[in-house]
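For reference, the structure discussed in these notes is given below.
Bear in mind these aren't lab numbers, they're just calculated from the coordinates by the rules spelled out. Everything numeric here is computed off the predicted structure, so don't read it as measured data. Using ideal geometry, Cβ is built from the backbone for each residue, glycine included, and neighbour counts are taken over all protein chains shown.
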C-alpha cells in the first residue's frame, strides 16, 4: 500500500515511534528513523524494518534544534529523494506541579514536543509541496485534550500540537497534504513504565493500557487516509469519553 513512499518517524528508536516505523515498513514504505540518543536501539529498529524488504536508515537529531532538523532533512532528501509521510512522535516528560515547576522543565518539554514538530513540518513541507501531496501525523495525547495534574508542560505541548495540526491542515490542504493528530491515552511504553498498578488504570473503560502497535495502526491509517485532515483521533481505551 505504501510501496515507493518515504516515511520519516521522529522518536523512532523506541515505543510508539519504533512500532510505527515497523508498521509503515511492513506496508512497503522506506523509513528514516530519527532518534535522540540511543544509536543501538535505532539501528535495531532499522534492521526490523529492513526485514520487510524496504530501506531504513537512522538519523541522530535533536528535533528542538532547527539547524539540526534542517541538516537532517537535507540528508534524508539526499539519501531517499523526498519525504511523503512525516510522523512527529518525538516527546519527553518533565512532570511536576505548576506551583513548583522550573522554567527549564517547562521550556524543555515545549521545545521538544511542540517546537520539534514545527521544525520537522517546516523543513519537510517544501518537499511535500513539490510532490503535490503528503501526509503528516502528529502524536498528541489525551493530556492535551483534558489536561493532567502534574503535567502542565506536557499537556500544554500536546494541546499546542492539536492547534498546530489544525492550522497546518488548513494551510497545506490545497497542496494535497493532509495533517492529522492522534491522542493516545495510557500506552505501554518507557514513558509509562512507572504507572504500574496505578489507580489511574481504573479510569480506562476498556480496563487496560494500550499497546504501541495499536497506536501504530492508527497512525498508519491516517497516513493513508487521503480525505481526512485536521482530525484528532483518540486511542485511549475510552478514558477521555
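Summary table below
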{"quantity": "FRET efficiency for residue 47 and residue 231, using Cβ-Cβ distance with R0 set to 41 Å, rounded to 0.05", "calculated": "0.80"}
{"quantity": "Hydrodynamic radius (Kirkwood) for region 65-134, which is based on Cα pairs only, to one decimal in Å", "calculated": "13.5"}
{"quantity": "Cα gyration tensor, region 101-163 - rounded (a/c under 1.5), prolate or oblate", "calculated": "oblate"}
{"quantity": "Residue 129-residue 3 FRET efficiency (beta carbon distance; Förster radius 25 Å; 0.05 resolution)", "calculated": "0.65"}
{"quantity": "Order by protection proxy (mean Cβ within 10 Å, highest first), peptides 103-109, 82-88, 162-168, 224-230", "calculated": "82-88, 162-168, 103-109, 224-230"}
{"quantity": "Two-site FRET efficiency, residue 240 against residue 175, from Cβ-Cβ distance with R₀ of 30 Å, rounded to 0.05", "calculated": "0.45"}
{"quantity": "Gain in span if fully extended, residue 75 to residue 221, counting 0.36 nm per residue against the direct Cα distance", "calculated": "49.8 nm"}
{"quantity": "Inter-label distance, nm, simple model (7 Å from Cα along the C-beta direction), residue 214/residue 67", "calculated": "4.3"}
{"quantity": "Spin-label pair residue 94/residue 40, simplified geometry with 7 Å Cα→Cβ offset, distance in nm", "calculated": "2.8"}
{"quantity": "Cα-based radius of gyration of the chain once divided by 2.2 N^0.38 Å, which approximates compact folds", "calculated": "0.95"}
{"quantity": "Nitroxide proxy distance, nm - points 7 Å out along Cα→Cβ at residue 55 and residue 201", "calculated": "4.4"}
